[in-house]
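> First the structure, which I've put down as structure tokens, then a few questions once you've had a look.
The values are calculated or read from the model by the stated rules, or taken from the named source; none is laboratory data. Quantities reported herein were computed from a predicted structural model and do not represent experimental measurements. Please note: Cβ atoms are built from the backbone with ideal geometry, for glycine as well, and neighbour counts cover all protein chains shown.
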Amino acid sequence: MAFLSPSERQYPVSVAPMMDRTDRHFRYFMRQITQQTLLYTEMVTSAAILNGDRHHLLDFSAIEKPLVLQVGGDNPQDLAECARIATDWGYDEINLNVGCPSSRVQEGHFGACLMAKPERVAACVEAMRQATDLPVSVKHRIGIDECDLYDDMAHFVQTVAAAGCQIFSVHARKAWLQGLSPKENRDIPPLRYKDVHRLKQAFPHLWIEINGGFTQLFQVQEQLQAVDAVMIGRAAYDNPYLFATVDREFYGRKTLVPSRLQVAKAMMVYLDRWKSKGLLKPHAITRHMLQLFSGQPGSRAWKRTLTEQGCRPEAGPEIIAKALEEVLATAATVSLPP
């Protein structure tokens with residue numbers, strides 16, 4: 001694969017891969033808000049890709065691109081085959097998960113526990129790079145357990161970079177493999193942004209992306225003074241409309257900022273399309289839309305209507321229309337003079 005310098009990469013903002021969240025319906029929803037932000041799949045294990053229903057696991061709509069497939073695994077040969085499959089499927093990049101601390105992932109000997117095995121990660125990356133022309137990236141923590149000094153992380157990155165990885169997304173919290181749940185590992189270990197900034201200074205030729213705790217776009221602007229990109233996780237799900245101006249502010253696009261109403265109407269068409277296929281319950285789509293009106297008048301009614309009606313298998317796009325009516329009625333009441 002040709003050398004990819006930081007100046008050639010075009011994605012200063014991304015939405016983090018999140019289990020049970022960044023599925024194809026959420027990604028389609030986000031594309032109604034931002035067309036340029038780099039999106040990721042949920043983590044898919046190499047075993048699932050090789051042995052499971054690939055169409056269910058890997059299919060996506062063209063509108064979701066640019067799109068990265070995140071894979072979990074520790075077997076170089078298996079991951080190389082996954083890289084070939086990702087290439088054939090049309091993904092833009094393949095990412096190796098070295099950050100998830102869940103017990104299930106640890107039992108499979110991958111995820112965050114691989115930070116203790118940088119040579120193994122390097123072997124995986126090398127095998128994947130030999131199997132595809134796609135960029136191969138790694139998402140990892142700043143450390144795990146007692147192996148959490150800056151020098152430990154720098155050694156990990158140096159070892160993996162020597163195998164050809166040039167893109168590192170760094171979650172700026174360490175992970176405790178025992179004693180904390182995955183949720184607690186997202187909140188309790190302190191954020192150490194300076195360690196990630198130091199990493200970029202030490203490896204200026206690598207693309208270093210920072211992840212962890214970002215909820216506002218001004219924070220992204222600040223971080224881009226020290227690193228190449230910023231990855232936003234939970235805030236993208238809790239306040240998706242945060243991304244409405246990202247294309248203009250960070251990608252230089254002159255496109256109009258979509259309104260929440262336009263986004264909702266686009267999702268009505270999308271839900272109707274899936275309903276006509278008879279393949280899923282409306283909730284599979286509407287659950288991702290609950291925070292579209294976060295912080296706005298009518299948000300509570302919007303969420304209540306989608307939650308109550310989305311579980312009805314016979315429901316269709318009319319539930320989104322009904323929820324919009326609730327929002328508009330509330331907004332009209334709020335805007336009335338006393």
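> State yes or no: is Phe110 under 14 Å from the mean Cα position of the chain (by Cα) and in the same structural domain as Ala226 (by TED's automatic domain parsing)?
Values: under 14 Å from the mean Cα position of the chain (by Cα): no; in the same structural domain as Ala226 (by TED's automatic domain parsing): yes.
Criteria not met by Phe110.
> I would also like to ask the following. Condition first: more than 14 Å from Ile49 (Cβ to Cβ), modelled with pLDDT of 95 or more and β-branched (Val, Ile, Thr). Now tell me which residues in segment 84-130 satisfy that.
Matches in segment 84-130: Val98, Val121, Val125.
> I'd like to know if segment 1-23 contains one or more residues that are crowded, with 18+ Cβ neighbours inside 10 Å, part of a helix (DSSP H, G or I), at pLDDT 95 or above and in contact with a helix residue (DSSP H, G or I) (Cβ under 9 Å, 6 or more places away or on another chain).
The answer is no; no qualifying residue exists.
> Looking at Cys100, Cys124, which one is farther than 21 Å from Val227 by Cβ, touching a Pro at 6+ places or on another chain (Cβ under 6 Å) and buried (at least 22 other Cβ atoms within 10 Å of the Cβ)? It would help to see each step written out before you state the result.
Numbers: Cys100 fails: touching a Pro at 6+ places or on another chain (Cβ under 6 Å).
Going through Cys100, Cys124 in turn, the sole match is Cys124.
> Could I ask something else about it? Is it the case, given these coordinates, that His155 is in the same structural domain as Met43 (by TED's automatic domain parsing), in contact with a Gly (Cβ under 6 Å, 6 or more places away or on another chain) and not hydrophobic (A, V, I, L, M, F, W, C)?
On the way: in the same structural domain as Met43 (by TED's automatic domain parsing): yes; in contact with a Gly (Cβ under 6 Å, 6 or more places away or on another chain): no; not hydrophobic (A, V, I, L, M, F, W, C): yes.
When the stated conditions are applied, His155 does not pass them.
> What's the number of the condition Pro66 fails, among (1) surrounded by 20 or more Cβ atoms within 10 Å (Cβ to Cβ); (2) more than 24 Å from Pro182 (Cβ to Cβ); (3) not aromatic (Phe, Trp, Tyr)?
Of the numbered conditions (1) surrounded by 20 or more Cβ atoms within 10 Å (Cβ to Cβ); (2) more than 24 Å from Pro182 (Cβ to Cβ); (3) not aromatic (Phe, Trp, Tyr), the odd one out for Pro66 is (1).
> Quick one: would you say Arg54 is modelled with pLDDT under 95 and of a type in the set (D, E, K, R)?
Working: modelled with pLDDT under 95: no; of a type in the set (D, E, K, R): yes.
Taking the combined requirement at face value, the residue does not satisfy it.
> Moving to a separate point now. In segment 144-151, is there at least one residue being assigned by TED's automatic domain parsing to the domain that holds Ser46 and within 17 Å of Glu209 (Cβ to Cβ)?
Step one: of segment 144-151, the residues assigned by TED's automatic domain parsing to the domain that holds Ser46 are 144-151.
Then keep just the ones that are within 17 Å of Glu209 (Cβ to Cβ); that gives none.
Checked segment 144-151: no residue is assigned by TED's automatic domain parsing to the domain that holds Ser46 and within 17 Å of Glu209 (Cβ to Cβ).
> A further question follows. Report yes if Asn185 is surrounded by 13 or more Cβ atoms within 10 Å (Cβ to Cβ), closer than 20 Å to Asp152 by Cβ, in contact with a Pro (Cβ under 8 Å, 6 or more places away or on another chain) and not aromatic (Phe, Trp, Tyr), otherwise no. Give the derivation first.
Numbers: surrounded by 13 or more Cβ atoms within 10 Å (Cβ to Cβ): yes; closer than 20 Å to Asp152 by Cβ: yes; in contact with a Pro (Cβ under 8 Å, 6 or more places away or on another chain): yes; not aromatic (Phe, Trp, Tyr): yes.
For Asn185, the condition - surrounded by 13 or more Cβ atoms within 10 Å (Cβ to Cβ), closer than 20 Å to Asp152 by Cβ, in contact with a Pro (Cβ under 8 Å, 6 or more places away or on another chain) and not aromatic (Phe, Trp, Tyr) - is met.
> Within segment 277-297, does at least one residue satisfy the condition of being within 30 Å of Ile167 (Cβ to Cβ), modelled with pLDDT of 95 or more and assigned to a loop (DSSP other than H, G, I, E, B)?
Initially, segment 277-297 is screened for residues within 30 Å of Ile167 (Cβ to Cβ), giving 288, 291.
So of that shortlist, the ones also modelled with pLDDT of 95 or more come out as 288, 291.
The next check asks that each one be assigned to a loop (DSSP other than H, G, I, E, B); those that pass are 291.
Yes, because at least one residue in segment 277-297 is within 30 Å of Ile167 (Cβ to Cβ), modelled with pLDDT of 95 or more and assigned to a loop (DSSP other than H, G, I, E, B).
> Exactly one of (1) within 28 Å of the chain's Cα centre (by Cα); (2) of a type in the set (D, E, K, R); (3) under 30 Å from Gln216 (Cα atoms) is unmet by Lys281. Its number?
For Lys281, the failing item is (3).
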